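In what follows, a single structure is set out as structure tokens and then discussed.
Here, each number is a calculation from the coordinates, and none is a lab measurement. This one's a predicted model, so the numbers in the text were calculated from it and none came from an experiment. Quick reminder, even Gly has a Cβ in these numbers, built from the backbone with ideal geometry, and neighbours come from all protein chains shown.
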Amino acid sequence: MKKYFIILIISIFLIPCFAFSDIVTFKVGYFIPRAQSDLWEIEFENMDFTKTNFQSSNFSFSYEYFFSNEMSLILSIDTYTKQKTGVYIDYVGETIDGEDYAFDYGEGFPISHVFSVSSTPLQVGVKLTPLGRRGKFIPYIGGGAGLYIWSIKIQGESIHFDEWDWFYDPNIDEDVKGYYIYFEDAREENKLNIGFQVFGGIMFPVANRISIDAEFKYHIAKGPLTEGFEGFENFDLAGYQISVGLNYWF
């Protein structure tokens with residue numbers, strides 16, 4: 001709720017700008033998370049989903065105000081949301097004396113949980129068009145900073161590898177280690193952190209006030225984990241974004 005309230009407030013402040021704005025752009029894209037922090041890595045190591053499962057389509061909106069023929073200020077909003085249910089790949093669960101334990105062999109029940117990630121960066125940047133804005137194609141580059149509104153959740157069964165009991169298995173005549181399984185509802189919701197982005201692309205005019213826009217953007221951001229994820233390093237929010245959209249020129 002906090003995230004949508006902030007977006008609404010920013011949108012209200014932008015409305016007066018449209019009376020004398022230069023470009024508004026709507027884009028459809030594909031976001032590829034970098035996923036290089038320890039929580040990402042632990043999930044990919046233990047669960048049956050992979051990094052590619054967290055790639056997702058996304059949507060973007062931007063407003064652009066020209067300072068000159070080669071430079072403009074750009075305000076933009078991007079979105080990314082993905083959740084995936086995963087099953088532990090090397091462990092199965094068994095219920096013993098009313099408690100659930102995870103073992104690294106056997107034919108017990110699957111142990112699973114849902115991993116959810118979302119990020120909505122509100123960005124301000126400078127866009128440079130070195131060849132100007134009047135050609136048959138208009139290449140551009142730019143960069144800036146942003147306020148990243150993000151959330152992550154793990155909901156479901158989770159193995160606690162720092163808590164276990166020993167059990168005697170007569171089939172192998174050995175004591176085996178059984179890890180405790182708990183129902184997890186860990187979350188970081190609507191957190192705010194500063195990040196950065198760089199981008200480049202090209203616009204192709206197709207009508208008097210309309211052009212097609214193809215863009216590559218790289219987000220750079222991390223968020224500190226607290227609450228249900230204490231002890232983990234900052235969560236990696238960085239990623240690559242490829243998008244195509246329409247510009248409307250005022």
Of the residues G156, F49, G201, the Cα lying farthest along the dipole of the chain towards its positive end, which is defined by charges on the beta carbon of Lys, Arg, Asp and Glu, belongs to G201
Inter-part gap, Cα centre of segment 50-99 to Cα centre of segment 147-220, in whole angstrom, is 8 Å
Out of N171, Q241, I32 - ranked by how far each Cα lies towards the positive end of the dipole of the chain, with unit charges on the beta-carbon of charged residues - the top one is Q241
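Between V87 and I202, what is the FRET efficiency for a Förster distance of 45 Å, r being their Cβ-Cβ separation, to the nearest 0.05? Show your work: numbers first, answer last.
Working: r = 43 Å, r/R0 = 0.95.
Efficiency at R0 = 45 Å is approximately 0.55.
Within the set K51/K177; K27/K191; K84/K127; K177/K222; K82/K177, which residue pairs have Cα atoms separated by over 28 Å?
Details: K51/K177 30 Å; K27/K191 25 Å; K84/K127 35 Å; K177/K222 36 Å; K82/K177 34 Å.
Pairs exceeding 28 Å: K51/K177; K84/K127; K177/K222; K82/K177.
How much length would be gained if the chain were fully extended between D48 and V126, taking 0.36 nm per residue of separation minus their Cα-Cα distance, in nm to one decimal?
Details: separation 78, 0.36 × 78 = 28.08 nm, distance 4.11 nm.
24.0 nm is the gain from fully extending D48 to V126.
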Between Q36 and F167, the two model label points (7 Å from Cα along the beta-carbon direction) sit apart by a distance in nm of 4.1 nm
